[in-house]
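The numbers here are math on the coordinates, done by the rules we state, and not lab data. This is a predicted model, so every value here is computed, not measured. Cβ atoms come from the backbone with ideal geometry, glycine included; neighbour counts cover every protein chain shown.
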Amino acid sequence: MSIAENIQNVRTQLPKNVKLICVSKFHSGESILDAYNAGERIFGESRAQELRTKYDSLPKDIEWHFIGHLQKNKVKYIAPFVSLIHSVDSEDLLTEINRYGEKNNRIINVLLQVHIAQEEQKFGFFEQELYDFLEKESLEKYPFVKLRGLMGMATFTEDSTQIEREFASLSGIFQNVKHAYFPTDEAFCELSMGMSDDFPLAVSYGSTMVRVGSLIFGERG
Ligand SMILES: *Cc1c(COP(=O)(O)O)cnc(C)c1O
């Protein structure tokens, strides 16, 4: 199957109002162009320098999303152009993104990553940490950051009831946060959840952005 056919397959399972983030990490510029020529414009990468290199060499109407764990000292590589950082998992990182937003004179869109998986290695705020953070922090401290929503990753498991439980949980957390802290902010509207193996389930739980890699580009080497 070609990349264009893979995309078509994913698209047929995706409601029109859900954004498709084509996760192109570790794949070549040529593969990205195949997807671009099939009409895709949003691409996700998980390494800052790789993203920077691809941004420099690929069409400028691509909307680049950063989806992986972001180290503070790497923010500078992507701050000038990144459209959305999905994976903000600490106050320190938010502070750094704000600093580089100011340096670049632009407001950087971000999602806060919530830890919903049972695995230890997944990053993100735990539910209560997230509420505590939003409670004590005045977001006015971060004028160069715009909070657009939440992101989460389910446990890597075959057990679909567990994945479903985690998506349901994140969806509930999103509703709580929206209701308590952003009731009139229309820009706080994005829930990034779902990958190749579970995106239809994520959509059924209210995902507005799915991050699909291997189903489009094939397995990473
Ligand atoms: C790699 C990655 C994806 C895509 O995973 P696939 O299973 O290949 O679709 C999605 N989200 C994040 C955060 C990733 O690192």
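At-a-glance table
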{"read-out": "Options F199, F174, F156; residue that is buried (at least 21 other Cβ atoms within 10 Å of the Cβ), aromatic (F, W, Y) and without any contact (Cβ under 8 Å) to a residue 40 or more places away in the chain", "value": "F174"}
{"read-out": "Verdict on L33 being hydrophobic (A, V, I, L, M, F, W, C), out of contact with any Gly (no Cβ under 7 Å at 6 or more places or on another chain) and within 29 Å of G124 (Cβ to Cβ)", "value": "no"}
{"read-out": "The lone exception for F126 - which of (1) within 12 Å of the ligand (Cβ to nearest atom); (2) touching a His at 6+ places or on another chain (Cβ under 6 Å) it fails", "value": "(1)"}
{"read-out": "Scan of the stretch 89-122 for residues that are crowded, with 17+ Cβ neighbours inside 10 Å and assigned to a loop (DSSP other than H, G, I, E, B), ordered by number", "value": "D89, S90, H115, I116, A117, K122"}
{"read-out": "Residues that are touching a Phe, Trp or Tyr at 6+ places or on another chain (Cβ under 7 Å) and closer than 23 Å to F66 by Cα, drawn from the stretch 124-169", "value": "F125, F133, L134, L147, R148, G149, L150, A154, F167"}
{"read-out": "Subset of the stretch 155-184 (residues that are among the hydrophobic types (A, V, I, L, M, F, W, C), over 30 Å from Y100 (Cα atoms) and either away from the ligand (no atom under 16 Å from the Cβ) or assigned to a loop (DSSP other than H, G, I, E, B) (or both))", "value": "F156, A168"}
{"read-out": "Residue among S31, S57, S24 that alone is surrounded by 17 or more Cβ atoms within 10 Å (Cβ to Cβ), polar (S, T, N, Q) and in contact (Cβ under 8 Å) with a residue 24 or more places away in the chain", "value": "S24"}
{"read-out": "Matching residues in the stretch 66-99 - criterion: being in contact with a Gly (Cβ under 6 Å, 6 or more places away or on another chain) and without any contact (Cβ under 8 Å) to a residue 60 or more places away in the chain", "value": "D89"}
{"read-out": "Answer residue from the stretch 202-214, given it is outside any loop (DSSP other than H, G, I, E, B) and more than 13 Å from K25 (Cα to Cα) and is nearest to the ligand (Cβ to nearest atom) among those", "value": "V210"}
{"read-out": "Any hit, the stretch 69-82, residues being more than 14 Å from the ligand (Cβ to nearest atom), more than 15 Å from I108 (Cβ to Cβ) and not in a loop (DSSP other than H, G, I, E, B)", "value": "yes"}
{"read-out": "Single unsatisfied condition, Q118 versus (1) over 20 Å from H65 (Cα atoms); (2) within 16 Å of the ligand (Cβ to nearest atom); (3) touching a residue at least 40 places away in the same chain (Cβ under 8 Å)", "value": "(2)"}
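Okay, residues lined up against (1) touching a strand residue (DSSP E or B) at 6+ places or on another chain (Cβ under 6 Å); (2) under 30 Å from P200 (Cα atoms); (3) not aromatic (F, W, Y):
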position: I7; (1), (2), (3): no, yes, yes
position: S24; (1), (2), (3): yes, yes, yes
position: H27; (1), (2), (3): no, yes, yes
position: P59; (1), (2), (3): no, yes, yes
position: E63; (1), (2), (3): yes, yes, yes
position: V88; (1), (2), (3): yes, yes, yes
position: L93; (1), (2), (3): no, no, yes
position: E96; (1), (2), (3): no, no, yes
